[in-house]
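Colleague: A single structure is presented below for examination.
Every number here is computed from the coordinates shown, using simple stated rules; none is lab data. From a predicted model like this one, the values you see are computed outputs, not experimental measurements. Counting neighbours? That spans all protein chains shown, and the Cβs are built from the backbone with ideal geometry, glycine included.
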Amino acid sequence: MADHVDVRIDKIVAGGDGLGRLDDGRVVFVGGALPGETVAVEIVQTRRDFVRARLLDVIDAHDGRRNPPCPLVAAGCGGCSWQHIDPDIQRELKVGIVTEALTRTGRLADPVVAVGESLPTTRFRTSLRLAVTPDGAPALRGARSHDVVRVERCLVAHPLLDDLLATARFGRADEVSVRCSPVTGERSILVSPARAEPAAIVAADVRRGRGAAITEVVADARLTVSATSFFQSRHDGAEALVRAVRSAARGTDPDALVVDAYGGVGLFAATIHRDAPVVTIETSPSSSSDAVRNLRGRDATIVNATVEDWKPVPAGVVIADPSRVGLGRGAVDVLGACRAPVLVLVSCDAVSLARDAALLRERGYEHVRSELVDLFPHTPHVEVVTRFDRSR
């Protein structure tokens, strides 16, 4: 086989690569290619059933292709691999990725997948995970490599974090997590390894270390978020997710028990059916401690355990926001045993959503509607809020 070939791209698949076929029928995956394009590629990996290829040139371009607006892309930064696509086209492609996953992997006929509200595509990230250059400057990882790219300004970073990128130094740290709250103006850093933290040079207002916490305000709920706790990577995205989950939970009993699985610091427990009793289930001790604080004054039970180890109880609605791997059979069995009339699933991976949809159908939950909430523009990552209704 020739190392260099021309390929017609049929579609975008989960993960963001373009998919085409070689003359011998094998599938070829091409990063950076768009549907309908004819591209020149170099084959870099060969398998029996498929190959991977590197994009060399675009012979016939998609109308939605554009020049990346951030100069760091040309420098090799891998943080925003879809900057070459118009944002409106990005959302269309993501809806296609989710729809195909639900159809092919979830085996659903004609699933309803809607585009949610539009969010800003610049200056939105309120948390970043940074690499560090040998001289202590903040950096981002290179595209598909462990190389680092020095970053003084970032197209997607909130101005409170952009200021840190321009001025902070982190000594001999390997990695740094930075976070800010646009509402309160508070900022924090978490340096790894911890022994490198004393050498970090940051503004005086920046809170440091594992004990650092900031206050987020989402849908009028004040939430303490510790440095080691998970929270959404953008404040407006957290607001949008709450609106989407509220919409998906519409019609459920506002006084019945809410089960918030993978509940983190209590984002959904604090904002969905505020007068109802709630159970949150979360494995992170830090997030669970924050949830205790954030749900003070509510009829709330905080369970620091895995969903699989929790004993289910009857509920009015179940909300689940698992990691990228999804629920899996064990968690589906436990949450399904709550026999809630509605289960709202927040997914950050199209294929795991599809697998969970198939498992939930086995437990008597039918897919009603999925809504794409585009938290991660300029990347192929998806965030999807889906309503499932119990049919038996």
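Colleague: Specify the inter-centroid distance of the stretch 158-189 and the stretch 1-70, based on alpha-carbon positions, in whole Å.
Modeller: Cα centroid to Cα centroid, the span is 37 Å.
Colleague: Quick one: E117, E197, E216, fewest Cβ neighbours within 10 Å first, how do they rank?
Modeller: The order, fewest Cβ neighbours first, is E117, E197, E216.
Colleague: Now, a different point. Using amide H atoms built in the peptide plane, which far-off residues or other-chain residues are under 5 Å from R123 H to H?
Modeller: For R123, the qualifying residues are V156, A157.
Colleague: Can you tell me what share of the DSSP beta bridges in the chain is antiparallel? A percent to the nearest 5 is fine.
Modeller: 70
Colleague: Defining a contact as two alpha carbons under 8 Å apart and six or more residues distant in sequence, what relative contact order in percent does the stretch 127-226 show?
Modeller: RCO, the stretch 127-226: 22 percent.
Colleague: Neighbouring Cβ atoms within 10 Å as the yardstick, rank V373, V245, V58 fewest first.
Modeller: V58, V373, V245
Colleague: Using a 7 Å offset from the Cα along the Cα-to-Cβ direction at both R210 and S177, what is the distance between the two label points in nm, to one decimal?
Modeller: Spacing of the two 7 Å Cα→Cβ label points: 1.2 nm.
Colleague: R0 = 35 Å: FRET efficiency of A199 with E152, Cβ-based, nearest 0.05?
Modeller: With R0 = 35 Å, the Cβ-Cβ based efficiency is 0.95.
Colleague: Then there is this: Taking only the Cα atoms of the chain, how large is their convex hull per residue, in Å³?
Modeller: 145
Colleague: A further question follows. Which order do Y365, Y262 fall in if you start with the one that has the fewest other Cβ atoms within 10 Å?
Modeller: Y262, Y365
Colleague: Using only C-alpha atoms and all pairs of different ones, pull out the Kirkwood radius for the stretch 127-226 in Å with one decimal.
Modeller: When all Cα pairs of the stretch 127-226 are included, the Kirkwood radius is 13.8 Å.
Colleague: Quick one: Karplus J couplings for the stretch 182-193, per residue in order, coefficients 6.51, -1.76, 1.60, θ = phi - 60°, nearest Hz, x for Gly and Pro?
Modeller: Using θ = phi - 60°, the values come out as x, 6, 9, x, 6, 9, 9, 10, 10, 9, 10, x Hz.
Colleague: Can you compute 3J(HN,Hα) from phi for each residue in the stretch 277-285, using the Karplus curve 6.51 cos²θ - 1.76 cosθ + 1.60 with θ = phi - 60°, rounded to whole Hz and x for Gly and Pro?
Modeller: x, 9, 10, 10, 10, 8, 7, 6, x
Colleague: Oh, and also: Which distance in nm do the two modelled labels at A305 and D57 give, with both placed 7 Å along the Cα-to-Cβ direction?
Modeller: It is 6.3 nm.
Colleague: Moving on to the next point. Compute the signed sum of charges (Lys and Arg +1, Asp and Glu -1) over the other residues within less than 14 Å, Cβ to Cβ, of D63.
Modeller: -3
Colleague: In whole Hz, what ³J(HN,Hα) sequence does the stretch 381-391 give by Karplus (6.51, -1.76, 1.60; θ = phi - 60°), x for Gly and Pro?
Modeller: With coefficients 6.51, -1.76 and 1.60, one gets 5, 10, 10, 9, 9, 10, 9, 10, 9, 7, 9 Hz.
Colleague: With both bridge residues required to lie in the stretch 4-63, what share of the DSSP beta bridges run antiparallel, to the nearest 5%?
Modeller: 85
Colleague: Can you compute the helix-only [θ] at 222 nm over the chain? Use -39500 (n - 2.57) per DSSP H run of at least 4 residues, normalise by all residues, nearest 500 deg cm²/dmol.
Modeller: That comes out to -6000 deg cm²/dmol.
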